[in-house]
Amino acid sequence: METNRRTFIRTSAVLGSGLIWYRTGALSLTGSQGFELPSLGFAFDALEPYIDAQTMQIHHDKHHLAYINKLNEALVSEPSLNGKSLNDMLMHLPDLPEKVRTIVRNHGGGHWNHSFFWKLLRTGTHAQGKLNEAIVRDFGSMENLMTTFEKSALGQFGSGWAWLVSDKGKLLVRSTPNQDNPLMDGVQVPVFGIDVWEHAYYLKYQNRRGDYVKAFWNVLNWDEAEKNYLGSL
Ligand code: MN3
């Protein structure tokens, strides 16, 4: 009995210090020692009725956090990666030690993609500026971009993401499976993307991924997309 209790206390102490270690680690996306869940930046119900509050809460507080925890757990065993940025690791996956490569790809990819995605969600913005000009130049019209993007999001079999990417300023639509992202190819810069895992829409839209993708246009933060595009030039 006493032994069990002592074991319990010791285990709690270890878990406790682990939590402190995560909390005091480097900031999200800028270091590999304890990545942290970034704040969503808006209320869970801010995107209603297009994306419901319960989906946002579970998606951010449970799914995104789980990617971060798994990533941190794996990196504890690989101190050679201390101080490397997540971008750097994702852009050079083949250079990573094999024992953490898949975890960084899946869970580091998950952390990057979701951190990117939250900033791209806001109602009431409109396409303008250089990005809007480039969309008309490369797709002919906004309608054509939307159709192409929706097709890509619907055509991604199973879980994944659809993206608008900039390849040195030229815009392209593509999709990636699982938590892969365009950084992993090392050339293209994501301008915006949509999470088409079922956890992103199933509570509200069930099997109707197409309705969710169409609703996305109402919550896409074009100001953030413009920033991403300008950063790619
Ligand atoms: Mn997701």
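A short reminder: the numbers here are calculations on the coordinates, not readings from a lab. From a predicted model like this one, the values you see are computed outputs, not experimental measurements. Note that we place each Cβ from the backbone using ideal geometry, even for glycine, and neighbour counts take in every protein chain shown.
Between residue 147 and residue 66, what is 0.36 nm times their sequence separation minus the Cα-Cα distance? Round to one decimal in nm.
Answer, rounded to one decimal: 25.9 nm.
Would you tally the net charge around residue 126, using a Cβ to Cβ cut-off of less than 12 Å, leaving residue 126 out, and scoring K and R as +1, D and E as -1?
Summing Lys and Arg as +1 and Asp and Glu as -1 gives -1.
Stick to the Cα atoms of the chain, pair each with every other, and give me the Kirkwood hydrodynamic radius in Å at one decimal.
In the chain this quantity evaluates to 18.9 Å.
Count the lysine pairs in the chain whose Cα atoms sit under 16 Å apart, keeping only pairs 8 or more residues apart in sequence or on different chains.
Close lysine pairs found across the chain: 10.
May I ask for the net charge around residue 170, where only other residues with Cβ less than 11 Å from the Cβ of residue 170 are counted and Lys, Arg are +1 while Asp, Glu are -1? Write out the running numbers ahead of the final one.
Details: positive: 137, 168; negative: 138, 167.
Combined, the nearby Lys, Arg, Asp and Glu give 0.
Using a 10 Å cut-off around each Cβ, can you sort 51, 68 from fewest to most neighbouring Cβ atoms? Intermediate values should be presented prior to the final figure.
Numbers: 51 25, 68 22.
Neighbour counts put them in this order, fewest first: 68, 51.
Rounded to the nearest 500, what is the chain's calculated 222 nm mean residue ellipticity when only DSSP H runs of at least 4 contribute -39500 (n - 2.57) each, over all residues?
My calculation for the chain gives -14000 deg cm²/dmol from helical runs alone.
Based on alpha-carbon atoms only, what is the radius of gyration of segment 35-106 relative to the globular estimate 2.2 N^0.38 Å?
That ratio works out to 1.36.
Report the FRET efficiency, 1/(1 + (r/R0)^6), for residue 172 and residue 46, where r is their Cβ-Cβ distance and R0 is 41 Å, rounded to 0.05. Walk me through the numbers before you get to the answer.
Values: r = 30 Å, r/R0 = 0.73.
My answer for the efficiency is 0.85.
So for segment 118-171, considering every pair of alpha-carbon atoms, how many percent are separated by more than 13 Å?
Here the long-distance tail beyond 13 Å is 67 percent of all Cα pairs in segment 118-171.
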